[in-house]
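Below is one structure, written out as structure tokens; the observations come after it.
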Amino acid sequence: MAFREKLLTVPPPIEVAGRWVKRYHVTADPAGIAPDVEKAAYAILPQLLPEPDATPPATFVVLHRGDDDGAYLNAYSWVWDNVLHFRGAAAGQPVVGCPDRDAAHFVLTERPWIGCVWELPPVLHERDAWVRHLLAPDVPDLDAYLTDSLPEGTTGDR
């Protein structure tokens, strides 16, 4: 099967455990991610977040519904001013340690993987947005960062 980019949607940011969370959803399904999968992913999200430090409390997540039974939640949190902390969870994919094929049964993953080709485009954008709004200006602007997201469309071909 030939490689194809997937669809990317950008729900509004939410607050979770005292952190602002920018959200990206990736799927090949034009209907988007099923509500039960989304609900289960965001229920486990607090377990993926680091302890607060002096860094503005910001995280971005990529929720990816695979073409099989798998679903993946990657949480990238800004810490130590300019470092990304990563933690992930998965559902429905026994290869990464899931106990069953239920796409709404998320478990923490311990693999050192930070994302697949469809999950990585937001990482580049978020790096540049963090520099643009938090590191480069004389006065950091978390609100501007939170409104600066990769545009919806596809995961590539930009």
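The values are calculated or read from the model by the stated rules, or taken from the named source; none is laboratory data. Nothing here was measured: the structure is a model prediction, and the numbers come from that model. Every residue, glycine as well, gets a Cβ built from its backbone with ideal geometry; the counts of neighbours run over all protein chains shown. Just the protein is used for accessible areas: all its heavy atoms, side chains included, with ligands, DNA and RNA removed. Shrake-Rupley method; radii C 1.70, N 1.55, O 1.52, S 1.80 Å.
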Problem set entry | Residue in the range 36-49 that is in a strand (DSSP E or B) and more than 19 Å from Leu142 (Cβ to Cβ) present | no
Seminar exercise, completed: Among residues of the range 146-158 being open to solvent by 70 Å² or more (accessible area, probe 1.4 Å) and not acidic (Asp, Glu), the residue farthest from Leu120 (Cα to Cα) is Thr147
Problem set entry | Filter result (open to solvent by 20 Å² or more (accessible area, probe 1.4 Å) and among the polar types (S, T, N, Q)) within the range 14-71 | Gln47
Problem set entry | Matching residues in the range 8-35 - criterion: being under 28 Å from Leu142 (Cβ atoms), in contact with a His (Cβ under 9 Å, 6 or more places away or on another chain) and not aromatic (Phe, Trp, Tyr) | Leu8, Thr9, Val10, Pro11, His25, Val26, Gly32, Ile33
Problem set entry | Candidates Gly70, Gly115, Gly97, filtered to the one that is touching a strand residue (DSSP E or B) at 6+ places or on another chain (Cβ under 7 Å) and without any contact (Cβ under 8 Å) to a residue 24 or more places away in the chain | Gly97
For this session: Starting from the range 28-44, keep only residues that are over 18 Å from Val107 (Cα atoms), then list their pairs with residues that are hydroxyl-bearing (Ser, Thr, Tyr) and open to solvent by 20 Å² or more (accessible area, probe 1.4 Å) whose Cβ atoms are within a distance under 8 Å, requiring at least 6 positions of separation or different chains.
Result: Gly32/Thr9
Exercise. Of these, Asp143, Asp81, which one is in a helix (DSSP H, G or I) and open to solvent by 20 Å² or more (accessible area, probe 1.4 Å)?
Worked result: Asp143
For this session: Just give me the residues in the range 3-13 being open to solvent by 80 Å² or more (accessible area, probe 1.4 Å) and hydrophobic (A, V, I, L, M, F, W, C), in sequence order.
Result: Phe3
Seminar exercise, completed: Among Leu120, Leu108, the single one that is of a type outside the set (D, E, K, R), at pLDDT 95 or above, touching a Gly at 6+ places or on another chain (Cβ under 8 Å) and within 26 Å of Glu15 (Cβ to Cβ) is Leu108
Seminar exercise, completed: Filter the range 110-140 for residues that are open to solvent by less than 80 Å² (accessible area, probe 1.4 Å), aliphatic (A, V, I, L, M) and in contact with a helix residue (DSSP H, G or I) (Cβ under 9 Å, 6 or more places away or on another chain); the one that is nearest to Gly88 (Cα to Cα) is Ala129
